[in-house]
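Visitor: Please find one structure pasted underneath; my questions will follow.
The values are calculated or read from the model by the stated rules, or taken from the named source; none is laboratory data. None of the values given here were measured: they were computed from a predicted structure. Cβ coordinates were reconstructed from backbone atoms using ideal geometry, including for glycine residues, and neighbour counts include every protein chain displayed.
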Amino acid sequence: MIALALRYLVARRRQTILTLLGIFFGAAAYVAISGFMLGFRYYLVDQLVNNSAHVHVLAREDFLTEHGLDESFYGKVVRHVFWSAPPSGRKDNAIVESPQSWYQRLAADPRVAAFSPQLTANVIFSKGKATASAALVGCDPEQQIKVTTIGDYVTEGKWSDLAAGGNRIVIGDELRKKLGVYVSQTILVSSANSPPTPFKVVAVYRTGSMQADIRAYGAITDVQRVNRTPNQVNEIAVRLHDYTQAAALANTWAALSPEKVESWDQQNANLFSVVAVQETIRYLSIGAIMIVAGFGIYNVLNMTVVQKRRDIAILRSMGYSGADIIWLFFSQGLILGLSGVVLGLSFGYLLSLYLETIPFGAGPMGRGAGHLIISFEPAIYLQSALLAMLAALLASVLPARAAGRLAPIEIIRAGAD
Amino acid sequence: MSIVARGVGKVIGHPPNKVLSDITLEIRDGEFVALTGRSGAGKSTLLYVLSSLDPVSSGTVEIAGRDISRMREEELCRFRNEMMGFVFQFHYLIAELSALENVLLPARKTGQAAQRTPSAKRLLEQFGLEGKHERLPRELSGGEQQRVAIARALVMDPKYLFADEPTGNLDSVNGQTVMDIIRQTNAQLGTTIIMVTHDAHYASLAGRQIQLADGQLIPAA
């Protein structure tokens with residue numbers, strides 16, 4: 001039956017090729033689009049997971065409310081207090097209340113790979129007449145490179161020089177450009193609480209992200225001194241052995257302390273909702289292609305069944321069963337589906353290889369040589385094949401069943417008429 | 001191994017139209033029977049009812065002692081494949097297959113294509129189609145196409161050959177050739193032949209004629 005099915009397909013070459021193209025484009029588009037989108041998502045996750053900590057323990061910023069101080073001033077006796085100028089503003093500095101207990105908790109947790117206390121201060125950097133306002137992150141340099149990949153992005157100098165202490169600084173490339181400063185030169189750092197303090201630039205880093213490259217890192221003790229907040233930290237960056245556990249752990253820890261605890265994916269929830277929308281669009285567009293391809297097969301097979309009624313009659317008279325006839329037409333859909341899938345997947349793969357060579361700017365999507373990142377995950381190819389085969393087979397079932405139900409005598413009678 | 005019809009009736013269409021009524025007959029093994037009658041007499045319907053392609057509305061048809069209406073589809077298909085051959089007024093060759101491939105189609109059903117190839121070639125040569133094995137039906141004349149169809153009906157060495165106006169679409173020369181083949185098949189192989197024809201000359205070549213009028217048998221004079 002397969003041999004005859006093949007003959008039928010070869011005999012109506014044009015229809016076969018057109019039908020094949022539907023499945024072919026569907027499968028190829030799925031592979032290329034999915035490869036592109038998943039590649040982008042993996043890159044995004046990779047950047048978020050590796051460049052930043054998995055869990056951030058952040059100082060909670062509390063704000064005064066209109067009646068927040070009523071009880072402190074008037075006790076519980078007076079129930080209605082009306083302020084001519086209601087209290088407002090932030091309650092003190094945002095700091096992690098008891099960092100020591102956090103250090104003990106994190107050190108004892110086997111799921112934690114490393115953690116690094118940080119104090120981030122908004123300061124003004126200046127060199128000569130050039131000034132720039134940016135964040136100065138105080139950290140434990142040895143721990144920081146265990147928690148994030150910042151050390152990998154150092155382009156000049158050495159990150160480890162930071163550990164020696166004594167007002168040293170590693171500066172982001174964007175900030176460096178603004179100040180016109182080079183490694184081993186000195187810049188001044190001033191905060192709201194302190195006069196300008198000289199810091200020596202020991203290294204420059206460049207991640208490719210504007211936001212990340214417009215800041216600087218120093219030893220935490222130096223930053224605490226400049227900020228006049230000795231022993232205070234406002235963030236603890238935590239790296240886990242398994243980053244997928246981050247959200248669950250963050251939720252558990254958040255319940256144990258007054259600090260705000262967020263995982264990398266919780267911090268970027270908006271980004272992931274955009275990715276989810278992209279995924280939906282991907283499935284909808286590919287689904288539409290597959291439906292069109294399926295209808296193509298359905299139409300062609302339906303037409304073939306009508307055209308081949310006499311063949312069906314003669315085959316039945318020779319002892320071919322209804323099931324044989326169903327298989328004759330169903331196998332045509334199967335052959336179209338399989339060929340379309342093989343060609344589509346191959347073309348999709350080649351297209352993906354080509355896409356990967358397309359240069360893409362050094363923005364957040366760029367990596368290494370600045371090329372598009374395409375995923376070649378086998379699951380994409382498997383899904384594409386399954387979807388295309390499903391479309392082809394569903395579209396073949398109805399015409400094949402109709403062919404199998406045709407009574408040979410009806411066709412012979414119609415032929416005699 | 002005879003074919004026996006008992007009280008066979010056939011009703012078709014809406015509103016119901018009685019095409020055959022109360023047909024009782026027996027066709028013995030090795031007989032060559034011509035079903036004759038005017039157009040609309042029910043000849044073709046009787047042929048297809050006797051051959052199991054068309055179910056009866058009433059009565060029974062037994063082939064080789066077995067009631068064909070009681071056979072399961074699988075059994076009936078095997079029975080048709082191994083015991084029956086069909087020749088129609090139209091050749092019904094598959095346009096995409098060569099003459100030889102068309103002849104071998106029944107053998108392909110049971111995986112005997114390779115085994116039956118020599119006899120298929122022999123049949124084609126016997127019917128004057130040597131050197132035309134690989135030709136597609138459209139590359140053959142009407143007479144040649146019908147001879148390929150007969151070869152296809154005979155390739156499984158059937159016990160019964162059902163022919164519905166096998167010469168209906170042919171000129172007299174080709175018609176005579178086809179009739180010669182059918183007669184030879186009956187005489188040499190002992191194949192039981194039931195042939196529908198409205199041609200008195202071809203009917204006279206059969207061993208027995210069964211005449212129908214308005215769906216009923218006309219008793220032999």
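Visitor: Kindly indicate the residue of the stretch B:206-221 that is among the aliphatic types (A, V, I, L, M) and within 16 Å of the chain's Cα centre (by Cα) and also farthest from B:Leu161 (Cα to Cα) among those meeting that condition.
Guide: B:Ile210
Visitor: Checking the conditions here, which among B:Leu161, B:Leu105 is within 28 Å of A:Leu6 (Cβ to Cβ) and touching a residue at least 40 places away in the same chain (Cβ under 8 Å)?
Guide: Of B:Leu161, B:Leu105, the one residue that is within 28 Å of A:Leu6 (Cβ to Cβ) and touching a residue at least 40 places away in the same chain (Cβ under 8 Å) is B:Leu105.
Visitor: Looking at the stretch B:190-214, which of the residues that are of a type in the set (A, V, I, L, M) and farther than 9 Å from B:Ala34 by Cβ is surrounded by the most Cβ atoms within 10 Å (Cβ to Cβ)?
Guide: Applying the filter and picking the extreme gives B:Leu212.
Visitor: Which pairs have Cβ atoms under 9 Å, sit 6 or more apart or on different chains, and link a residue in the stretch A:221-234 that is more than 17 Å from A:Ser116 (Cα to Cα) to one that is among the aromatic types (Phe, Trp, Tyr)?
Guide: Pairs found: A:Val226/A:Phe199.
Visitor: Further question on the same structure: So in the stretch B:160-189, with the set limited to residues that are surrounded by fewer than 20 Cβ atoms within 10 Å (Cβ to Cβ) and charged (D, E, K, R), which one is nearest to the other protein chains (Cβ to nearest Cβ)?
Guide: B:Asp171
Visitor: Does B:Arg122 meet the test of being in contact (Cβ under 8 Å) with a residue 24 or more places away in the chain, basic (Lys, Arg) and surrounded by fewer than 22 Cβ atoms within 10 Å (Cβ to Cβ)?
Guide: Judged against the criteria, B:Arg122 is not a match.
Visitor: Inside the stretch A:370-416, can you point out the residues that are buried (at least 19 other Cβ atoms within 10 Å of the Cβ) and within 14 Å of chain B (Cβ to nearest Cβ)?
Guide: Result: A:Gly404, A:Pro408, A:Ile409, A:Ile411, A:Ile412.
Visitor: Any residue in the stretch A:383-403 that is touching a residue at least 40 places away in the same chain (Cβ under 8 Å) sitting within a Cβ distance under 9 Å of a residue that is surrounded by 18 or more Cβ atoms within 10 Å (Cβ to Cβ) and not in a helix (DSSP H, G or I)? List the pairs, counting only those 6 or more apart or interchain.
Guide: Filtered contacts from the stretch A:383-403: A:Ala403/A:Lys308.
Visitor: Now for a different question. Please count how many residues of the stretch B:85-100 are of a type outside the set (A, V, I, L, M, F, W, C), modelled with pLDDT of 85 or more and out of contact with any Leu (no Cβ under 9 Å at 6 or more places or on another chain).
Guide: 1
Visitor: Still on this structure, please answer the following. Of the residues A:Leu106, A:Leu69, which single one is in contact with a Phe, Trp or Tyr (Cβ under 9 Å, 6 or more places away or on another chain) and in contact (Cβ under 8 Å) with a residue 40 or more places away in the chain?
Guide: Sole residue among the options that is in contact with a Phe, Trp or Tyr (Cβ under 9 Å, 6 or more places away or on another chain) and in contact (Cβ under 8 Å) with a residue 40 or more places away in the chain: A:Leu106.
Visitor: Something else: Need at least 1 residues that are in contact with a Lys or Arg (Cβ under 8 Å, 6 or more places away or on another chain), more than 14 Å from every other protein chain (Cβ to nearest Cβ) and farther than 30 Å from A:Ile95 by Cα per element, so show me which helices (runs of 4 or more DSSP H) inside the stretch A:1-84 make the cut, counting only ones lying wholly within it.
Guide: Once the helices (runs of 4 or more DSSP H) in the stretch A:1-84 are filtered for at least 1 residues that are in contact with a Lys or Arg (Cβ under 8 Å, 6 or more places away or on another chain), more than 14 Å from every other protein chain (Cβ to nearest Cβ) and farther than 30 Å from A:Ile95 by Cα, what remains is A:13-51.
Visitor: Closer than 16 Å to A:Tyr320 by Cα, in contact (Cβ under 8 Å) with a residue 40 or more places away in the chain and touching a strand residue (DSSP E or B) at 6+ places or on another chain (Cβ under 6 Å): is that true of B:Ser58 in this structure?
Guide: No; evaluated as a whole, the condition is false for this residue.
Visitor: Oh, and also: Here is a check on your reading of the model: is A:Ser126 surrounded by 15 or more Cβ atoms within 10 Å (Cβ to Cβ), within 24 Å of A:Asn193 (Cα to Cα) and hydroxyl-bearing (Ser, Thr, Tyr)?
Guide: Yes.
Visitor: Name the one entry in A:Val49, A:Val78, A:Val45 that is touching a residue at least 40 places away in the same chain (Cβ under 8 Å) and touching a helix residue (DSSP H, G or I) at 6+ places or on another chain (Cβ under 9 Å).
Guide: A:Val49
Visitor: Just checking, does the stretch A:303-310 include any residue being surrounded by fewer than 23 Cβ atoms within 10 Å (Cβ to Cβ), modelled with pLDDT under 90 and over 30 Å from B:Ile150 (Cβ atoms)?
Guide: Yes, there is a match, as at least one residue in the stretch A:303-310 is surrounded by fewer than 23 Cβ atoms within 10 Å (Cβ to Cβ), modelled with pLDDT under 90 and over 30 Å from B:Ile150 (Cβ atoms).
Visitor: If you don't mind, there's one more thing I want to ask. Just checking, which of A:Phe347, A:Phe376 is modelled with pLDDT of 90 or more and in contact with a Gly (Cβ under 7 Å, 6 or more places away or on another chain)?
Guide: The conditions single out A:Phe376.
Visitor: Same structure again: Does A:Ile145 satisfy being touching a helix residue (DSSP H, G or I) at 6+ places or on another chain (Cβ under 9 Å) and either of a type in the set (A, V, I, L, M) or surrounded by fewer than 20 Cβ atoms within 10 Å (Cβ to Cβ) (or both)?
Guide: So A:Ile145 fits the description; yes.
Visitor: If a residue has to be among the basic types (Lys, Arg) and crowded, with 18+ Cβ neighbours inside 10 Å to count, how many in the stretch B:68-98 make the cut?
Guide: Number of matching residues: 1.
Visitor: Does A:Lys200 satisfy being free of Cβ contacts under 8 Å to residues at least 40 places away in the same chain and either surrounded by 18 or more Cβ atoms within 10 Å (Cβ to Cβ) or charged (D, E, K, R) (or both)?
Guide: yes
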